[in-house]
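Encoded as structure tokens, the structure appears first; notes follow it.
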Amino acid sequence: MNDTGACAGLTIVDFSQGMAGPMATMILADHGADVVKVEPPAGDFARGTPGFLMWNRGKRSVVLDLTTTRDRDRVGALVQGADVVVESFRPGVAARLGIGYDAVAAANPAAVYCSITGFGRHDPRSQRRWYEAVVAATAGRMVGLDPLSGAVPNQDRRAPIYTAAPIASYGAGQLALQGILAALLVRRRTGRGQWVESSLVAGEAAFLMRQDMGRGGPDRTGLPETPRPLHRGIVMCFLTAECSDGKFIQMCARQDHHFRNWMVTLGMEAIFDDPRYAAAPLGIPTVDDVEALERRIRERMLTRTREEWMELFVANDVGADPFLEPAEFLDFPEMVANERVVELEDPGVGRVREVGPLATMSDTPARIERSAPALGADTDAVLAALDRPRLRRSPPIADVPAPGPHALSGVTVVELAYYVAAPLASTLLGELGARVIKVEPLAGDPARRTGLQNAKFLVGKESIALDLKSDEGRTILQQLISRADALLHSFRPGVPERLGHDFDTAHAINPRLVYVYGGSYGSRGPWNMRPAFHSTPNALCGGGFAQAGIGNPPVDDSYPDPGSGIATATAILLGLWAREGTGRGQYVETSMISSAGYIHSDDLVLYDGRPAPRRPDSGQHGLHACYRLYEAADGWVFVAAWRDAEFEALARAL
């Protein structure tokens, strides 16, 4: 066990199954918590899937039949010694089994109790069996997709499109973990636990809230959509380009200088002399003009191999990434250099390679040493420990002021980050009550120019514009740092040193500061200085192939930006919780590519003989006949009939 990790000393009793809850408790286990996984006699329904081995690594497995009085008494004794209890039953089930919030709080008032549901406790659909794709379809994730968000070019745009990335489960797990850590911080001051709730719908919403959907109403028509030539220009900047060897490159050249570098590297710089393209890429006047230029670019990309183009693009600072398969991703130099890959020995399947820690921490690092336990492997040992006399110690209460009305009241976060990924992290902390001070250049965060898309990443924050190249600007920033609890930045390595907010400088000013780098590739490795956008992790982690469908070229998708921001919020809270034990801050780092790996973790647990991952059909309808989109008389429905009983019910209904 990791007795020096950020969560060392915590005991977690985990009744959850699938991906969402187990991923949350896995992160706690990675960082030193003792996680006891309580399973029914048949086991977690996800057993047998590759992802199970990662989502449950480092835990202990106990089999208890909660329909029996004897095992209910045992689980009652188990939760009395827990700091955190996690469950993912449908609403009402936990209470019927004797492990609902009221029962746990009565037995252990200090326990933080976390529920993860599909639709939320009070939603009319709360009693339905929830599947990832059903939630995605319900939340609107599958409609209105384009080549920036998972659609194969020229796909039937009238139809919704199946989405392969399980962002609802990932999001629900991360939000649940953030709630748990925030509640533990409150408990340090009050001595009492509380009920934390998350859902797959909430997880999905955390990804979708950047969408610039019209805010209409009875007295207004909403805001205008992005102009079509502008949108088409953005799509061209994120081109999925085929090379002469049949392999593909994901371009990310939205910034003017990156696009110009791309054209120069292609030998097409003369386009800027054409009045139509003088303001390229986002100021081209018509959609026809954009499409004509894209055809020329595609023809040019077919003249070299992927390796040849990537060598040129790296040399010329052009945003571009190769589309990789899962095994290639785990060998990717930045994943290895930044310690984001682990190898474990599993008793069932042998040597396993998988994605490592979500966050690296300088003083309280994660330690990942054991694969998932066999079903019931620790039942005897855990139950024997329950029979020994023990004294439940109340959690220590720090000598600090009483908390405010919200979980993170009194916490101040200084944000030095642009666009989506890192700013979303502080948005989530702000929703938990933190004060967020956004430090921007005098011209503002460039994402402000995207209009309504950027609204969610500004809400609730305070903004100060500083010229950090001036002595006055750096002095003001350092004053902010001296009073902050956390600093978040997303600059490439070397920039913080030049602007006066590198870790050594910040830590010297404020030793209790949790200093977080929300990186793209990570701070180490040959590509650590390269530009990256949402498209980068999707291409590298295998998501481009997973989403495209059988027989189609790989596609771009936009989930990595919010996925990274959500992970970074978790990392900040891990740092704040670690500070409660050590009394000091530390350096914490996340990366966009590793958080994308967590989203696609089921595909990224690799061992000899693992089954091939399921892929959507070429029409991007779904995975198989009983888990896919179907057209009805007046629209589309998603059908999920994975189990025999569900298929029988479907057959009767049809």
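Within the range 192-212, is there a residue that is among the β-branched types (Val, Ile, Thr), open to solvent by 10 Å² or more (accessible area, probe 1.4 Å), over 20 Å from the mean Cα position of the chain (by Cα) and modelled with pLDDT of 90 or more? Talk me through it step by step, then tell me what you get.
Here is the first cut: in the range 192-212, the residues among the β-branched types (Val, Ile, Thr) are 196, 201.
Going one step further and asking which of them are open to solvent by 10 Å² or more (accessible area, probe 1.4 Å), we end up with 196, 201.
Now narrow it down to the ones that are over 20 Å from the mean Cα position of the chain (by Cα): none.
So far as the range 192-212 goes, no, none of its residues is among the β-branched types (Val, Ile, Thr), open to solvent by 10 Å² or more (accessible area, probe 1.4 Å), over 20 Å from the mean Cα position of the chain (by Cα) and modelled with pLDDT of 90 or more.
For residue 139, which of the numbered conditions (1) at positive phi; (2) in contact with an Asp or Glu (Cβ under 6 Å, 6 or more places away or on another chain) fails to hold?
Unmet condition: (1).
I need every pair where a residue in the range 426-438 that is on the phi > 0 side of the Ramachandran plot has its Cβ under 6 Å from the Cβ of a residue that is part of a loop (DSSP other than H, G, I, E, B) and buried (at least 22 other Cβ atoms within 10 Å of the Cβ), sequence separation at least 6 or different chains.
433/407; 433/408
Against the definition (among the aliphatic types (A, V, I, L, M) and under 26 Å from residue 447 (Cβ atoms)), how does residue 546 come out, yes or no?
Numbers: among the aliphatic types (A, V, I, L, M): yes; under 26 Å from residue 447 (Cβ atoms): no.
So residue 546 fails the test.
If a residue must be polar (S, T, N, Q) and open to solvent by less than 10 Å² (accessible area, probe 1.4 Å), how many such residues does the range 543-577 contain? Quick ask: steps written out before the conclusion?
Step one: filter the range 543-577 for residues polar (S, T, N, Q), giving 547, 552, 558, 564, 568, 570.
Subset that is open to solvent by less than 10 Å² (accessible area, probe 1.4 Å): 547, 564, 568, 570.
Adding up the residues that qualify gives 4.
Hey, can you tell me all the residues within the range 637-652 that are open to solvent by 80 Å² or more (accessible area, probe 1.4 Å) and under 17 Å from residue 138 (Cβ atoms)?
To start, the set of residues in the range 637-652 that are open to solvent by 80 Å² or more (accessible area, probe 1.4 Å) comprises 642-644, 647-648, 652.
Scanning the range 637-652 gives a single hit, 642.
Being closer than 18 Å to residue 184 by Cα and among the hydroxyl-bearing types (Ser, Thr, Tyr) is the filter here, so list the residues in the range 99-143 that pass it.
If the condition is that a residue be closer than 18 Å to residue 184 by Cα and among the hydroxyl-bearing types (Ser, Thr, Tyr), then 101, 113, 115 are the ones that fit.
What number of residues within the range 468-497 are surrounded by fewer than 15 Cβ atoms within 10 Å (Cβ to Cβ), assigned to a helix (DSSP H, G or I) and touching a residue at least 24 places away in the same chain (Cβ under 8 Å)?
The number of residues fulfilling the criteria is 1.
Quick one: count up the residues across the range 503-522 that are touching a helix residue (DSSP H, G or I) at 6+ places or on another chain (Cβ under 9 Å) and outside any helix (DSSP H, G or I). Break it down stepwise before answering.
Let us first name the residues in the range 503-522 that are touching a helix residue (DSSP H, G or I) at 6+ places or on another chain (Cβ under 9 Å), namely 503-506, 509-510, 512-522.
Filter once more, so that each one left must be outside any helix (DSSP H, G or I): 510, 512-522.
Qualifying residue count, the range 503-522: 12.
Report whether or not residue 463 is in a strand (DSSP E or B) and of a type in the set (S, T, N, Q). Can you show your working first?
Working: in a strand (DSSP E or B): yes; of a type in the set (S, T, N, Q): yes.
Judged against the criteria, residue 463 is a match.
Which of the residues belonging to the range 601-636 are over 30 Å from residue 357 (Cα atoms), touching a residue at least 12 places away in the same chain (Cβ under 8 Å) and open to solvent by 40 Å² or more (accessible area, probe 1.4 Å)?
617, 618, 621, 628, 631, 636
When the range 97-124 is examined, which residues are found to be in a strand (DSSP E or B) and under 22 Å from the mean Cα position of the chain (by Cα)?
Going residue by residue through the range 97-124, those that are in a strand (DSSP E or B) are 112-117.
Selection gives 114, 115, 116, 117.
Scan the range 254-266 residue by residue and report those that are part of a helix (DSSP H, G or I) and open to solvent by 40 Å² or more (accessible area, probe 1.4 Å).
Here is the first cut: in the range 254-266, the ones part of a helix (DSSP H, G or I) are 256-266.
Scanning the range 254-266 gives 256, 257, 260, 261, 264.
Tally time: how many residues in the range 16-37 are open to solvent by 10 Å² or more (accessible area, probe 1.4 Å) and more than 20 Å from residue 368 (Cα to Cα)?
1
Between a first residue in the range 224-253 that is closer than 20 Å to residue 277 by Cα and open to solvent by less than 70 Å² (accessible area, probe 1.4 Å) and a second residue that is in a helix (DSSP H, G or I) and among the polar types (S, T, N, Q), which pairs have beta carbons less than 9 Å apart while being 6 or more apart in sequence or on different chains?
226/450; 226/453; 238/535; 251/535; 252/535; 252/536; 253/261
In the range 588-615, how many residues are farther than 30 Å from residue 517 by Cα and in contact with a Leu (Cβ under 6 Å, 6 or more places away or on another chain)? Explain how you work it out, then say what you get.
Kept after step one, since they are farther than 30 Å from residue 517 by Cα, are these residues of the range 588-615: 607-615.
After this cut, where a residue has to be in contact with a Leu (Cβ under 6 Å, 6 or more places away or on another chain) as well, the list is 614.
Number satisfying all stated conditions: 1.
All but one of (1) part of a loop (DSSP other than H, G, I, E, B); (2) of a type outside the set (Asp, Glu); (3) touching a residue at least 60 places away in the same chain (Cβ under 8 Å) hold for residue 588, so report the exception by its number.
Condition (1) is where residue 588 drops out.
On the phi > 0 side of the Ramachandran plot and touching a strand residue (DSSP E or B) at 6+ places or on another chain (Cβ under 9 Å), is that true of residue 339? Spell out how you get there, then give the answer.
On the way: on the phi > 0 side of the Ramachandran plot: yes; touching a strand residue (DSSP E or B) at 6+ places or on another chain (Cβ under 9 Å): yes.
Judged against the criteria, residue 339 is a match.
Among the listed residues 95, 77, 111, 103, identify the single one that is open to solvent by 10 Å² or more (accessible area, probe 1.4 Å), touching a helix residue (DSSP H, G or I) at 6+ places or on another chain (Cβ under 6 Å) and not charged (D, E, K, R).
Numbers: 95 fails: touching a helix residue (DSSP H, G or I) at 6+ places or on another chain (Cβ under 6 Å); 111 fails: open to solvent by 10 Å² or more (accessible area, probe 1.4 Å); 103 fails: touching a helix residue (DSSP H, G or I) at 6+ places or on another chain (Cβ under 6 Å).
The unique qualifying residue is 77.
Restricted to the range 138-165, and to residues that are out of contact with any helix residue (DSSP H, G or I) (no Cβ under 6 Å at 6 or more places or on another chain) and open to solvent by 40 Å² or more (accessible area, probe 1.4 Å), which residue is farthest from residue 600 (Cα to Cα)?
Applying the filter and picking the extreme gives 158.
Would you mind listing the helices (runs of 4 or more DSSP H) fully within the range 274-382 where at least 1 residues are surrounded by fewer than 20 Cβ atoms within 10 Å (Cβ to Cβ) and basic (Lys, Arg)? Quick ask: steps written out before the conclusion?
Numbers: elements: 287-301, 306-315, 326-330, 333-337.
Qualifying helices (runs of 4 or more DSSP H): 287-301.
The values are calculated or read from the model by the stated rules, or taken from the named source; none is laboratory data. Treat the numbers as computed from the prediction; the structure is a model and nothing was measured. Note: ideal-geometry Cβ built from the backbone for every residue, glycine included; neighbour counts use all protein chains shown. Please note that ligands, DNA and RNA were not included when accessible areas were found on the heavy atoms of the full protein model with its side chains. Shrake-Rupley method; radii C 1.70, N 1.55, O 1.52, S 1.80 Å.
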